[in-house]
Amino acid sequence: MGRRLVAAGERVIAYDVDPARATDSGLDGRGSIQEVTAETDVVLLSLPDSTVIERVVHGPDGLATSCRAGQTIVDLSTASPKSTVAIHEVFAQKGVEFLDAGVSGGAKAAEAGRLTLMVGGGADALEHVRALLEKFSESIFHMGAPGAGHIAKLLNNYLNGTSLATTAEVMVAARKSGLNPELLLEVINKSSGLSFASVNRFPNIVKGDYMEGGLTGRLMAKDLRLYLEYIEQVGVPSLPGPAVFATFEITNGLGYADMISNYVVDGLGDLAGGVRIQAESVNDGEPR
């Protein structure tokens, strides 16, 4: 996202706990949060989870103490809606607009400037920064009140994780059954079983391209955990949800936690006896 802003002619003042990331591809690195807020009118956050967001906001010399009235802060993270609403209230008291903006599309869409944003918070605040967000986003939706953007992101990510886990399971089953995974994908994508995973991910994965650079297995499990916590709060039962969450927790435990979540197919393959869907079948129909 930062690279897209720089390519569009924006000067991006950046801070990261890893100094190298703060100077990546033309970003103008700084050594603290305070330096960023002192030099900018719009602050964009992209952080792993609510525990980190809360430290960035409430920690010593964090945003809550270094921000100033009239600024706009846009949180592009995936976060707990309850935490997000509380942060909205903190900034409202300081005259700072805070928008929670769930992001979807992955690293490939970010590089191409084709992300989808789902935004909670003030409609006027969103219009104030829309032109800036459009420099890395193709579609921007105002979802409603504070927290609505992060709620929408959790709901979307649950479907994302579900289609990824179930399609991975089917691909492993196909290989163990002696079917050609590429051919089966063609069938699925012309049939009622198609999904984002089958259309956009697995045609690459079956060729050995795991599409590196996207959401890790650890972060996928975090998002699914947040989803389950949220729907419990609103009183909606989830029968498949715990199984999808367990799929990533177990495969993460097998060593895939810090790899792109697409490797869940290899984790399931390990549990199935060492199956890799890219392997060619021998003549008797059994996988290598």
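Scan V90, V96, V36, V57 and give me the residue that is under 23 Å from the mean Cα position of the chain (by Cα) and of a type in the set (A, V, I, L, M, F, W, C). The match here is V57. Applying the condition of being within 15 Å of L159 (Cα to Cα) and in contact (Cβ under 8 Å) with a residue 60 or more places away in the chain to segment 189-218 and asking which residue is most open to solvent (accessible area, probe 1.4 Å) yields L215.
Listed here are the residues, each with its yes/no results for (1) assigned to a strand (DSSP E or B); (2) in contact with a strand residue (DSSP E or B) (Cβ under 8 Å, 6 or more places away or on another chain); (3) buried (at least 23 other Cβ atoms within 10 Å of the Cβ).
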| position | (1), (2), (3) |
| --- | --- |
| V74 | yes, yes, yes |
| K82 | no, no, no |
| F98 | yes, yes, yes |
| T116 | yes, yes, no |
| I140 | yes, yes, no |
| N156 | no, yes, no |
| L159 | no, no, no |
| T162 | no, no, no |
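Of all residue pairs spaced 6 or more apart or on separate chains, those with beta-carbon atoms under 6 Å, a first member in segment 157-171 that is closer than 13 Å to A243 by Cα and touching a residue at least 60 places away in the same chain (Cβ under 8 Å) and a second member that is open to solvent by less than 30 Å² (accessible area, probe 1.4 Å) and among the aromatic types (F, W, Y) are Y158/Y227.
Do any residues in segment 225-250 that are loosely packed, with under 13 Cβ neighbours inside 10 Å have Cβ atoms under 9 Å from those of residues that are of a type in the set (F, W, Y), where the two are at least six apart or on different chains, and which pairs are they? Taking only residues 6 or more apart or on different chains, the pairs are V236/Y230. For the condition among the polar types (S, T, N, Q) and farther than 21 Å from H142 by Cβ, what is the one hit in Q93, Q71? Going through Q93, Q71 in turn, the sole match is Q93. I need the full set of residues from segment 84-96 which are open to solvent by less than 20 Å² (accessible area, probe 1.4 Å) and either touching a Leu at 6+ places or on another chain (Cβ under 6 Å) or within 17 Å of V234 (Cβ to Cβ) (or both), in order please. Within segment 84-96, T84 is the sole residue that qualifies. Of all residues in segment 7-30, exactly one satisfies the criterion of being in a helix (DSSP H, G or I) and surrounded by 18 or more Cβ atoms within 10 Å (Cβ to Cβ), namely A22.
A single entry from E249, E186 fulfils the requirement of being touching a Leu at 6+ places or on another chain (Cβ under 9 Å) and over 14 Å from L159 (Cα atoms): E249. Since E111 meets every condition but one in (1) within 25 Å of L228 (Cβ to Cβ); (2) of a type outside the set (A, V, I, L, M, F, W, C); (3) out of contact with any helix residue (DSSP H, G or I) (no Cβ under 6 Å at 6 or more places or on another chain), which condition does it not meet? In the conditions (1) within 25 Å of L228 (Cβ to Cβ); (2) of a type outside the set (A, V, I, L, M, F, W, C); (3) out of contact with any helix residue (DSSP H, G or I) (no Cβ under 6 Å at 6 or more places or on another chain), E111 misses (1) alone. Can you spot a residue in segment 155-172 that is more than 23 Å from M220 (Cα to Cα) and in contact with a helix residue (DSSP H, G or I) (Cβ under 7 Å, 6 or more places away or on another chain)? No, there is no match, as no residue in segment 155-172 is more than 23 Å from M220 (Cα to Cα) and in contact with a helix residue (DSSP H, G or I) (Cβ under 7 Å, 6 or more places away or on another chain).
Name every residue in segment 100-112 that is open to solvent by less than 30 Å² (accessible area, probe 1.4 Å) and over 16 Å from L44 (Cα atoms), in order of residue number. Result: A109, single match.
Here segment 31-64 is the region considered, the condition is being over 21 Å from A101 (Cα atoms) and in a loop (DSSP other than H, G, I, E, B), and the residue that is modelled with the lowest pLDDT is D61.
The values are calculated or read from the model by the stated rules, or taken from the named source; none is laboratory data. Since we're looking at a predicted model, the values are computed, not measured. Counting neighbours? That spans all protein chains shown, and the Cβs are built from the backbone with ideal geometry, glycine included. SASA here: full protein model, heavy atoms, side chains in, ligands and nucleic acids out. Shrake-Rupley method; radii C 1.70, N 1.55, O 1.52, S 1.80 Å.
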